[in-house]
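The values are calculated or read from the model by the stated rules, or taken from the named source; none is laboratory data. Because the structure is predicted, anything quoted here is derived from the model rather than measured. Cβ: placed from backbone, ideal geometry, glycine included. Neighbour counts: every protein chain shown. When the accessible area is computed, the model is the full protein with side chains, heavy atoms only, and any ligands, DNA or RNA have been set aside. Shrake-Rupley method; radii C 1.70, N 1.55, O 1.52, S 1.80 Å.
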Amino acid sequence: PTTRILDMMGLAGRYSAEPSPLNEQILQEELSSRKDISPPEYARILAERKAHAMGEKLLTEQCNGVDVNSVTFILGSDTIVDLGGHIMEKPVDERDAFEMLQKLSGNWHEVHTGVAVYGVGVKGSPEEKFQLMFSFTDTARVKFADLSETDVRSYIASKEPMDKAGSYGIQGIGGQLVETLAGDFFTVMGLPMHKLSKELSKAINSRGLKQNREER
């Protein structure tokens, strides 16, 4: 979904997309064990670490088509579902998906999408070649309709829930489960288009940058 949103922003053909080398599971376990980190902070930190890991990879390899005379933006994002402070990531199996969807049925929950952008090739001292340009978390509130067991099992049979945070995708079949939305639709989809666009523009204009863009 993130690449679809970037294309809708007019960036088609101006970025490449690949998974971050970050071991997300280890970081998720570490963050989940900390009581001082809220769900919005959790999403932002994951996004920052994803982008940072990719930046380190690019700097180490010194390849992948990075123009040393321009700035490459590395975008990291992470979306989680938050039900009363309980974080729902992607389901591990169909049973897990079933349990998540049953808990969401008839209830309000929050969707947090963390976004982070690093710049590789920023002019200045060597220490400034790899900088965090900005990061934030955007939150939307979602109300599910009351779902019967048949509804849930039918949706799981479509296989759509299996790679989605909270076991549903609002941009697909799962959109039929959503009764009410308060906030940015694209935040629930996986990338808050409006806020990202504003922050990218500020980062570019404030530094007078020529940019390439990378999405991770």
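Tabulated data
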read-out: Largest to smallest accessible area among ARG95, ARG14 [probe 1.4 Å]; value: ARG95, ARG14
read-out: Protein accessible area in the chain, 1.4 Å probe - carbon and sulfur %; value: 48
read-out: Cut-off 20 Å, label 7 Å out along Cα→Cβ of MET162, residues of the stretch 174-191 by amide N; value: 174-175
read-out: Cβ charges +1 (Lys, Arg) and -1 (Asp, Glu), total dipole of the chain, debye; value: 780
read-out: ASP184, ASP82, ASP163, reordered so the largest accessible area comes first (probe 1.4 Å); value: ASP163, ASP184, ASP82
read-out: The chain, Rg to Rh (Cα coordinates; Rh as Kirkwood inverse mean 1/r); value: 1.00
read-out: Per residue, in Å², the accessible surface of the stretch 65-204 once ligands and nucleic acids are set aside, probe 1.4 Å; value: 44
read-out: Degrees between helix 39-61 axis and first principal axis of the chain (Cα, 0 to 90, nearest 10); value: 40
read-out: Vicinal HN-Hα couplings computed from phi for the stretch 88-96 (Karplus, 6.51 cos²θ - 1.76 cosθ + 1.60; Hz; Gly/Pro x); value: 10, 8, 6, x, 7, 7, 5, 5, 4
read-out: Area of MET193 that stays accessible when all protein chains are in place (1.4 Å probe, Å², to 10); value: 40
read-out: Tensor-based shape of the stretch 139-188 (alpha-carbon gyration tensor, a/c under 1.5 rounded, otherwise prolate or oblate); value: oblate
read-out: Which listed pairs, of LYS35/LYS57; LYS90/LYS159; LYS57/LYS195; LYS35/LYS159, have C-alpha distances above 21 Å, in listed order; value: LYS35/LYS57; LYS57/LYS195; LYS35/LYS159
